[in-house]
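Some notes on the structure that comes next.
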Amino acid sequence: MRDETKEDKILMASIEDKFRQCWQEYRVTNSGFLDLRQRSLAEKLCGELGKGAEEVRCRFFGGYDEAERTIALFLPDYAKETDAPLGVIRAKAPAAGRKLTHRDYLGSLTGLGIKREMLGDILVTESGADIIVLREIQEFLLYHYSKAGRTSLSLEVLPLEQLRIPQAQTTEIKDTVASLRLDNVIASAFGLSRAKASEAIRSGLVFVNSAQLEKTDFPVKEGDKLVLRGKGKAYLKEVGGKTRKDRIFITIQKFL
């Protein structure tokens, strides 16, 4: 993993503090929302901290199974994931006019001074967006978030149980690879040369099952979730037999 930045060290100190609060005060604690790289760092730290405090469970939760942005949630034995302090802001936009994008919603929210760690995934729908947030900012948004660009919004605060998850659009890629090395599979999944895939991996842009990996020869297996930052995500859906030239058949499910 790449060298930790000053911001990484501050984040890790905060994660350790939340872990110890849960352990010492026997209560649910949590971090702000983490991106994939931050989550990878936090998972490693939580694994180390958990060796001395088995009664604290660390979970990464973003409101639904496929969430990309998650909080680190520290749970004593009596608690569960549903105790996470997350809620949903449903923003509805007028049917007429330009359809708002993820960038429109995120830009307007950060324009209010909302820090990124307060915001989870923004799930854009035909009628608006469901925005996962830490509950502590729900009331602020309800009274102060009224526009995305020039488009007026109507807002509703909802529990996580009413989150609307848009139907995922995917495509299936069938290919052959020389081996199940990470660089080979990333190249196949995202239409890159092996050299470009290797460069992306070494640059810290590739994640397998939320873990940041920089080894180009890391062995990928069937069912692994692959993310290339800036390009999207995919699953290695199936590993088949071999061709006459000893290449391996693979099937990849790529999200559009």
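Please find, within segment 187-231, the residue that is surrounded by the fewest Cβ atoms within 10 Å (Cβ to Cβ) out of those that are closer than 17 Å to Phe255 by Cα and of a type in the set (Asp, Glu).
Result: Glu222.
Kindly indicate whether any position in segment 25-45 is surrounded by fewer than 18 Cβ atoms within 10 Å (Cβ to Cβ), at positive phi and of a type in the set (Phe, Trp, Tyr).
Taking every residue of segment 25-45 in turn, at least one turns out to be surrounded by fewer than 18 Cβ atoms within 10 Å (Cβ to Cβ), at positive phi and of a type in the set (Phe, Trp, Tyr).
Please state which of the following conditions Leu180 fails to meet, knowing it meets all the rest: (1) within 20 Å of the chain's Cα centre (by Cα); (2) surrounded by 15 or more Cβ atoms within 10 Å (Cβ to Cβ); (3) farther than 30 Å from Glu126 by Cβ.
Condition not satisfied by Leu180: (1).
Is one or more of the residues making up segment 82-101 outside any strand (DSSP E or B), touching a Leu at 6+ places or on another chain (Cβ under 8 Å) and farther than 27 Å from Lys225 by Cβ?
The answer is yes; a qualifying residue exists.
Given the residues Arg59, Arg69, which is the only one that is at pLDDT 90 or above, surrounded by fewer than 18 Cβ atoms within 10 Å (Cβ to Cβ) and in contact with an Asp or Glu (Cβ under 6 Å, 6 or more places away or on another chain)? Explain how you work it out, then say what you get.
On the way: Arg69 fails: surrounded by fewer than 18 Cβ atoms within 10 Å (Cβ to Cβ).
Result: Arg59 is the single residue among Arg59, Arg69 that is at pLDDT 90 or above, surrounded by fewer than 18 Cβ atoms within 10 Å (Cβ to Cβ) and in contact with an Asp or Glu (Cβ under 6 Å, 6 or more places away or on another chain).
Looking at segment 1-59 only, could you name the residues that are small (Gly, Ala, Ser) and more than 24 Å from Leu119 (Cβ to Cβ)?
Taking segment 1-59 and keeping what is small (Gly, Ala, Ser), we get 13-14, 31-32, 40, 42, 47, 50, 52-53.
Residues satisfying the conditions are Gly47, Gly50, Gly52, Ala53.
Checking Ile186 against (1) among the hydrophobic types (A, V, I, L, M, F, W, C); (2) modelled with pLDDT of 95 or more; (3) under 15 Å from Arg37 (Cβ atoms), which test does it fail?
(3)
Residues being touching a residue at least 24 places away in the same chain (Cβ under 8 Å), within 24 Å of Ala67 (Cα to Cα) and touching a strand residue (DSSP E or B) at 6+ places or on another chain (Cβ under 7 Å): count how many of those fall in segment 1-21.
Qualifying residue count for the region: 4.
The values are calculated or read from the model by the stated rules, or taken from the named source; none is laboratory data. Just so we're clear, the structure is a prediction, and the values are computed from it rather than from any experiment. When we count neighbours, we look across all protein chains shown, and the Cβ atoms used for this are built from the backbone with ideal geometry, even at glycine.
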